[in-house]
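Heads up, the thing below is written out as structure tokens.
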Amino acid sequence: MKAIEIKKDVYWVGGIDWDLRNFHGYLTQRGSTYNSYLIVDEKVVLIDNVKHYLFDELIARISKVIDPSKIDYIIQNHIEMDHSGTLPKIKKLCPNAKVLASPKGIEGLQKHYKMDWDYQIVKSGDVLNIGQRNIHFVQTPMVHWPDNMVSYCPEEKILFSNDAFGQHIASSERFDKDYPFNILIEEAKKYYANIVLPYSRQVEKALDIVDTLNVEIICPSHGLIWQKHIPKIMAEYRKWSSNTVKNFALIIYDTMWKSTEKMAYMIQETFEEKEITTKICNLQHTHISDVMTDILCAKYICVGSPTLNNNILPTVAAFLTYLQGLAPKKRIGLAFGSYGWGGQSVGIVEESLRKCGFEMLSQIRLQYIPDEQVLNDEQEKLNKQI
Ligand code: FEO
């Protein structure tokens, strides 16, 4: 287990979670890392830590650089347990280390771990001198929890950004220049869509703050370290946080006897004829967290379900619940579905999309198996609306 030197005496000492495939409902096909950083100056600082089961890995990496008992400060930029889970065990190795976090961070640590540690509250504008270097703190609430903050070292021009700019990627590469860029940006996009999207207004404020700093390296708490592609990821975050969409229609559905599927393909064809890019996502085969990645840039969100027991299919219900929580803005919705007798599904889907605040196209609700004439008629009606 190596520590990776990022700059002289500044090390990555995190843990690699190769097997992670589910991060509270988010399909993490590429695993993840929990990035922890060690700065060795006149004082020794550990920034964030790792999930509880990667403690041995973290300590092995730290020990390659310094005896963990010599840590003076533990900065918790964020208290979620993927970044604080080993704090109780670390504190046993360096009992005199002071724990620094935002006011909400300290409150959260006390509630999580019930320990009377030596805490120091830090707020935006506070600076910790550690010798030749200083650590500046900037609170970034709700990116991703109320406690979040980032730490900035002006002498090294490094921003320790925690969840912001993260990606769920397990890899032995540590820097963006060493990893395929298209995968990196796709995973950053997926991360934004599934974790950060509801807090886009707060992200915009945080980006304004980052713009005032001289940053050459961004060290997030998950995935690769940004160095070569900082302008690109900053531009993408600006785009994502402003809910900028493309002329792109996403058709998301599940089907029982393929009638709703016929409708999905009719809708897809209609958008295609209007020169609008389309993508079909059958929820039997596409994970909702991957659908969200596409939603990040999609203008049209079309959702279909047949009626099952006066309701919608559970896959569609799960997707709509997830979508409402992640709250994309400025979208246009369309509800569709087939039915045999009750026919409640389309109304339920439409109500759910309206709750998201979407402007709605006229719903498409068809009984039993739609024939070509019926589909053509519906296509004509939809064509006039887009
Ligand atoms: Fe990676 Fe909000 O924790």
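If you roll a 1.4 Å probe over the heavy atoms of the protein chains, what accessible area per residue do you get for segment 4-241, in Å²? If you can, show how the numbers build up before the last one.
Values: 9220 Å² over 238 residues.
Accessible area per residue: 39 Å².
THR277 contributes about 90 Å² of solvent-accessible surface, heavy atoms of the protein only, 1.4 Å probe. Measuring with a 1.4 angstrom probe and ignoring ligands and nucleic acids, HIS229 comes out at about 30 Å² accessible.
Remark: spin-label model distance SER124-ILE209 equals 0.6 nm, labels positioned 7 Å along the Cα→Cβ axis.
Please state the relative contact order of the chain as a whole percent: Cα pairs under 8 Å, 6+ residues apart? Averaging sequence separation for qualifying contacts and normalising by length gives 11 percent for the chain.
Taking 0.36 nm per residue of sequence separation and removing the Cα-Cα distance, the TRP341/GLN284 pair yields an extension gain of 18.2 nm.
Measuring nothing but protein heavy atoms, the accessible surface of segment 4-241 at 1.4 Å probe radius is 51 percent carbon and sulfur. Projecting label points 7 angstrom from Cα along Cα→Cβ for MET256 and GLN29 puts them 3.1 nm apart. Straight-line reach from LYS299: taking Cα to Cα under 12 Å and skipping same-chain neighbours fewer than 8 places apart, the aspartates and glutamates in range are GLU359. Taking each residue as 0.36 nm, the span from SER172 to TYR322 lengthens on full extension beyond its C-alpha to C-alpha distance by 50.8 nm.
Spacing of the modelled spin labels on HIS52 and GLN363, each 7 Å from Cα toward Cβ, amounts to 4.5 nm. Its DSSP H runs of at least 4 residues, each contributing -39,500 (n - 2.57), put the calculated 222 nm mean residue ellipticity of the chain at -10000 deg cm²/dmol, to the nearest 500.
Using only alpha carbons, the chain has a radius of gyration to Kirkwood radius ratio (Rg to Rh) of 1.07.
Looking at segment 135-292 alone, DSSP beta bridges between its own residues are antiparallel in about 40 percent of cases. Carbon-plus-sulfur accessible fraction, segment 333-375 (probe radius 1.4 Å, protein heavy atoms only): 48%. Summed over the residues of segment 258-386 and divided among them, the accessible surface reaches 46 Å² per residue at a probe radius of 1.4 Å. Note on exposure: LYS157, LYS246, LYS329 ranked by accessible area (1.4 Å probe, complete protein assembly) read LYS246, LYS329, LYS157, with the most exposed listed first. Taking 0.36 nm per residue of sequence separation and removing the Cα-Cα distance, the LYS274/ASN182 pair yields an extension gain of 30.3 nm.
The values are calculated or read from the model by the stated rules, or taken from the named source; none is laboratory data. The structure presented is a predicted model; accordingly, all values stated were derived computationally and were not measured. Glycine gets a Cβ as well: all are built from the backbone with ideal geometry, and neighbour counts include every protein chain shown. Side chains included, ligands, DNA and RNA excluded: accessible areas come from the protein's heavy atoms. Shrake-Rupley method; radii C 1.70, N 1.55, O 1.52, S 1.80 Å.
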